[in-house]
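Everything below concerns the one structure shown next.
The values are calculated or read from the model by the stated rules, or taken from the named source; none is laboratory data. Remember, predicted model here, so these are calculated numbers, not experimental data. For neighbour counting, all protein chains shown are included, and Cβ atoms are generated from backbone atoms with ideal geometry for every residue, glycine included.
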């Protein structure tokens, strides 16, 4: 039996894959301790895990979410105004949590994890929830800050390596707080950029996404194990649709499902208003998953709005899913085997959207182009072409056949 600290920063899309790991590790006899945002305490403790608060706190302030998810400046804002100004607090909180631990499993942007593991002299695993994380020149990502670089993809490795090196150089100065804290802790200097080159563990890197999205590349981090997605969707065995929603689904044709995940839903803009009009123009039934937003009144009888429904339960009922392209939502849509229309915000979302589009299961619409008429046109073409449904079903069977949790936990146990 080992004591394993699982730590993550971010949205439910970051937390849920770690919960999936924790449940399986506990089943295998290990003690799992969580270190994450205070807002997740009730969720973690309800599952019977020990919880330790780790700063920075999360936020549900719409204006702050808007700054964090801006397609041009969101990444820099999050790193330089939220994560690294709190690096010392994150380090202190995680150090206190991990003092008696045998192993740490860290989310990608828990930059303090490497510092704590080195200071305590224990092994650790880093995780990547999406191919975007690897910044591969052989499989270059789509960058929301520099979308024009995506046009260089067909030009080969040499050109794409230059483009990626350019993108890396932009963030080099951002990482100075990490280097400064390493010096204070008398830890060895890092040769690369700890936000990019040196963010991965030298022991184990868990690529926690499906091989349908990407294959291992020569420039991926050493010791990477591709696991497949690790799914957790509430308490999946007991989470059910509300009677009202179930009755709606049973009463007619498969609906469109519109959702913005757990973070971008706090900054929806005109997404839901335009989605209602698009569904009406198409004469299609629709389900709106709206989070904490005020549910609209006087909806057409073929449209229903609800705060929440577990994706694993609602997505298989859809004819198509419209979402923001977060990796958690993307994974659930792929597993459900349904076509998607993606309106990406920032971070990995444009890259996720491009990858599923290349699979033949999805189309992409820019956020500034999200209007009822444009959405109706895109959905009409998406649903009207049976090849999208056929390919989506094929990909769904492939994702369902993977067992990401088991593969990941096997790799962790080899390190213990």
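Of all the residues in the stretch 367-392, those that are surrounded by fewer than 17 Cβ atoms within 10 Å (Cβ to Cβ) and closer than 20 Å to residue 326 by Cα number 2. Just to be sure, is residue 363 assigned by TED's automatic domain parsing to the domain that holds residue 392, in a loop (DSSP other than H, G, I, E, B) and within 23 Å of residue 381 (Cβ to Cβ)? It is false that residue 363 is assigned by TED's automatic domain parsing to the domain that holds residue 392, in a loop (DSSP other than H, G, I, E, B) and within 23 Å of residue 381 (Cβ to Cβ). Of all residues in the stretch 111-161, those satisfying the criterion of being assigned to a helix (DSSP H, G or I), in contact (Cβ under 8 Å) with a residue 60 or more places away in the chain and surrounded by fewer than 20 Cβ atoms within 10 Å (Cβ to Cβ) are 118, 119, 147, 150.
Just so you know, in the stretch 337-359 the residues that are in contact with a helix residue (DSSP H, G or I) (Cβ under 6 Å, 6 or more places away or on another chain) and assigned to a loop (DSSP other than H, G, I, E, B) include one that is modelled with the lowest pLDDT, and it is 346. Against the conditions (1) crowded, with 24+ Cβ neighbours inside 10 Å; (2) part of a loop (DSSP other than H, G, I, E, B), residue 298 satisfies every one except (1). Selection of the stretch 243-261 for residues being surrounded by 13 or more Cβ atoms within 10 Å (Cβ to Cβ) and in contact (Cβ under 8 Å) with a residue 40 or more places away in the chain yields 245, 248, 249, 254, 255, 256, 257, 258, 259, 260, 261.
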